[in-house]
Structure formats: C-alpha cells, structure tokens
Amino acid sequence: MNVKTHVEHGFGPLYDEHSEILILGSFPSVLSREQGFFYGNPRNRFWAVLEALCGEKVPEDIEGRRAYCIAHRIALYDAIESCDIVGSKDDSIENVVPADIQTIVKNSRIKRVILNGNAAKRHYLAFQSDIGEVQLYFMPSTSPANAAWSLKRLIDVWETAFN
C-alpha cells in the first residue's frame with residue numbers, strides 16, 4: 001500500500017555519557033518501529049558490519065544489542081524525529097521534523113558522527129548546524145535496498161570511520 005502517513009520515531013536515542021561515536025540512520029523502518037529498536041530488518045547489514053568492526057559477536061536480542069552498543073561506546077539514533085512517509089521508503093519522506101542531535105552530543109563524548117546512507121546524510125545536512133566539534137563520516141547504507149554494496153565492501157568502507 002502506498003499511503004503516506006505522518007509517523008513519529010517511536011523510540012528515543014541510545015547513548016550514555018561515555019558514547020564516542022554516533023551512528024545516524026534516516027528514519028526507522030516499519031520493522032524497527034514495530035520492534036522499538038534500531039535496524040530491525042533482519043536483511044539490514046548494520047549489525048553484521050558492527051560485529052566485524054568491533055570484533056565481537058552482536059547479541060540477537062534487543063537488550064543485548066543495547067548493552068553491546070553502550071559497551072562499545074556507540075550511540076544510535078536517526079536524523080528524523082517525525083515525518084510523512086510511505087512504509088519504510090526513504091525517498092517518500094516529506095514534512096520532516098529533525099531529531100535533537102545537539103542534546104546527544106552535549107551529554108556524551110561524541111566526536112564522530114557516522115551517517116548511514118544518503119537519506120541520513122541529506123536530512124542531517126538540511127537540519128543540523130552547530131552541534132559541536134565532531135567529525136562527519138558519510139557511509140554507504142547498510143540497508144538491503146543498497147544491494148550494490150556487498151557486506152565485505154561495506155565493512156571495508158565503514159572501517160575508515162572506526163579507526
């Protein structure tokens with residue numbers, strides 16, 4: 001069904017005062033919104049990329065994934081707090097309310113912001129200005145819609161933002 005509806009993010013950012021890397025997607029997929037956590041589509045390669053970069057197996061359950069990110073000083077959120085969208089289609093996004101990224105950066109040790117895909121990059125650059133001194137990294141999307149990128153190729157490129 002191609003009905004555009006106004007959707008709220010549905011769950012807040014994941015971070016603590018020790019977080020050093022903030023990874024931003026564009027907006028949670030339908031599956032992620034249903035689960036109430038990031039990268040809920042099992043075909044999304046995000047967790048496999050993170051596992052390779054951190055060198056430690058990622059738990060399957062949400063609470064385990066929360067703890068994993070916190071232990072590795074990784075914060076997660078999205079560039080958009082609410083928008084009009086058709087399902088999970090980034091290219092259908094309109095009427096954006098941006099996420100409050102500045103508060104996350106202010107209340108943590110974030111020095112690197114990794115934008116997961118072109119939609120995250122586009123919406124971040126459109127709405128975020130002075131969030132502090134951070135390095136920005138524009139990474140190819142881990143989404144299954146980005147099928148042109150193999151897992152190995154994603155890991156190789158994403159590694160540049162982790163080192």
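The values are calculated or read from the model by the stated rules, or taken from the named source; none is laboratory data. Nothing here was measured: the structure is a model prediction, and the numbers come from that model. We place every Cβ from the backbone using ideal geometry, glycine too, and count neighbours over all the protein chains shown.
What to note about this one:
- Meets criteria (out of contact with any Gly (no Cβ under 9 Å at 6 or more places or on another chain), within 25 Å of Arg122 (Cβ to Cβ) and free of Cβ contacts under 8 Å to residues at least 60 places away in the same chain) for Gly55: no
- Candidate set from region 1-19 (those that are surrounded by 14 or more Cβ atoms within 10 Å (Cβ to Cβ) and in contact with a strand residue (DSSP E or B) (Cβ under 7 Å, 6 or more places away or on another chain)); member that is farthest from Asp100 (Cα to Cα): Lys4
- Qualifying residue in region 73-92 (condition: surrounded by fewer than 21 Cβ atoms within 10 Å (Cβ to Cβ), more than 16 Å from the chain's Cα centre (by Cα) and at pLDDT 95 or above): no
- Total residues in region 51-98, condition among the aliphatic types (A, V, I, L, M) and more than 18 Å from Phe11 (Cα to Cα): 6
- Pairs with Cβ under 9 Å, 6+ apart, first in region 28-42 and without any contact (Cβ under 8 Å) to a residue 12 or more places away in the chain, second of a type in the set (Ser, Thr, Tyr): Ser32/Tyr39; Ser32/Ser88
- Among the candidates Gly25, Gly12, residue that is small (Gly, Ala, Ser) and either under 23 Å from Ser150 (Cα atoms) or modelled with pLDDT of 95 or more (or both): Gly25
- Taking the conditions (1) at pLDDT below 95; (2) of a type in the set (S, T, N, Q); (3) within 19 Å of Ile114 (Cα to Cα) in turn, Ser19 satisfies each one other than (1).
- Matching entry among Ser141, Ser82, Ser88 (being more than 25 Å from Asn163 (Cβ to Cβ) and in contact with a helix residue (DSSP H, G or I) (Cβ under 8 Å, 6 or more places away or on another chain)): Ser88
- Number of positions in region 129-163 that are under 12 Å from Asn116 (Cα atoms) and outside any loop (DSSP other than H, G, I, E, B): 8
- If the condition is being outside any strand (DSSP E or B), in contact (Cβ under 8 Å) with a residue 60 or more places away in the chain and not β-branched (Val, Ile, Thr), then region 107-121 contributes Asn107, Ser108, Arg109, Lys111, Gly117, Ala119, Ala120.
- The listed residues are Thr160, Thr142, and the only one of them that is of a type outside the set (Phe, Trp, Tyr), in contact (Cβ under 8 Å) with a residue 12 or more places away in the chain and crowded, with 22+ Cβ neighbours inside 10 Å turns out to be Thr142.
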